[in-house]
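Rule-based calculations on the coordinates, nothing more; no lab input. The shown structure was predicted, so the numbers you read here are calculated from the model rather than taken from an experiment. Because the Cβ atoms are built from the backbone with ideal geometry, glycine has one as well, and the counts that use them run over all protein chains shown.
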């Protein structure tokens, strides 16, 4: 396997005619994607397949040529491979995310036999960081992939890498169904069971805390693991782009500056923070809802203001799931005369409690 993300759709093939048609006509088409292209927001290549695998690198560089001609910036996510030198030379300074989840190349050969060796990735990083911003992804993060994550930190920090993206191994049952029997055998039942769980095992959390502390000793920062605290690496790495969309990280900074332990946050405050930062545009916004398959309300498939995405982001299974994934936020329940009910604002939206000094791994708190 070259990249685990291919398991989302193993038969995926790029429609080059469609891609080039979108790029050719982006100035006249009125969909939201073309709006972002016209406005020169950066394009991510790619979080689904590796752009520099043997099968993809020629197409990648063809698309990059068009994007460069249109002055549209890009971010590169890769393990390396073929054609990255050409891409690095012709691109303006960009952010490159390079995946290095292994500390032993024999282990890498077992799980990613077709992917570049660890030495090849290291040599690539040394070259591209002369021009570009680089972040190393220890992702997927699991003791089965590396028994010595400190070795990765040591090697890359010595050449000046400051940021390491760490995220636990996750492979849901739908993705696992696309594995061959041989791949399932190599990964093993224990790892597949861990990968399918929504909560992190205790040993993974302990491993993460240890590598986080070690990285800090080396003057580095571990990022990518949800906490709800503001992470300044965004401003550093994405400074190469003249324009970006707001993220939840921006909201976390607002919370730290405007809220204290135990304060409530309403949807109105969430909306008032994000709405002025979003472009004024109408279109089918369903593509900008994280998990739209979990959204029962199909009216979001219609043409509407982009700011309408904020309500499902606030409180739906398809949204940011702030209380679920970020332990500094919780939904709150309170005992009323007749029932235990959610604390809501006057418009009927649930309210979050902010508790940055007291992590809660559940989605809710009950007020006494």
GNM of the chain, Cα pairs under 10 angstrom: of 75, 155, 335, the biggest fluctuation goes to 335
Restricting to Cα pairs under 8 Å and 6 or more apart, the percent relative contact order of the chain works out to 12 percent
The exposure ranking of 359, 156, fewest beta-carbon neighbours within 10 Å first, is 359, 156
Put in order of increasing Cβ neighbours within 10 Å, starting from the fewest, 96, 331, 254 give 254, 331, 96
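Grab the beta carbon distance between residue 38 and residue 311, set R0 = 22 Å, and tell me the FRET efficiency rounded to 0.05.
On the way: r = 26 Å, r/R0 = 1.20.
The value I calculate is 0.25.
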With label points set 7 Å from each Cα along the Cα-to-Cβ direction at residue 107 and residue 239, the distance between them in nm comes to 3.4 nm
Bridge orientation stat for segment 248-367 from DSSP, antiparallel percent rounded to 5, came to 75 percent
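Nearest 5 is fine: what % of DSSP beta bridges in the chain come out antiparallel, could you say?
Numbers: 13 of 36 bridges.
Expressed as a percentage, antiparallel bridges in the chain total about 35.
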The simple spin-label model distance between residue 177 and residue 257, using points 7 Å out along Cα→Cβ, in nm, is 4.6 nm
Exposure-ranked with fewest Cβ neighbours within 10 Å first, 132, 229 stand as 229, 132
Rounded to one decimal in nm, the spacing of the 7 Å Cα→Cβ label points at residue 210 and residue 17 is 5.5 nm
The ratio Rg/Rh over the Cα atoms of segment 55-203, Rh being the Kirkwood inverse mean 1/r radius, stands at 1.00
Summing -39500 (n - 2.57) over every DSSP H run of at least 4 residues in the chain and dividing by its residue count gives a helix-only mean residue ellipticity at 222 nm, to the nearest 500 deg cm²/dmol, of -10000 deg cm²/dmol
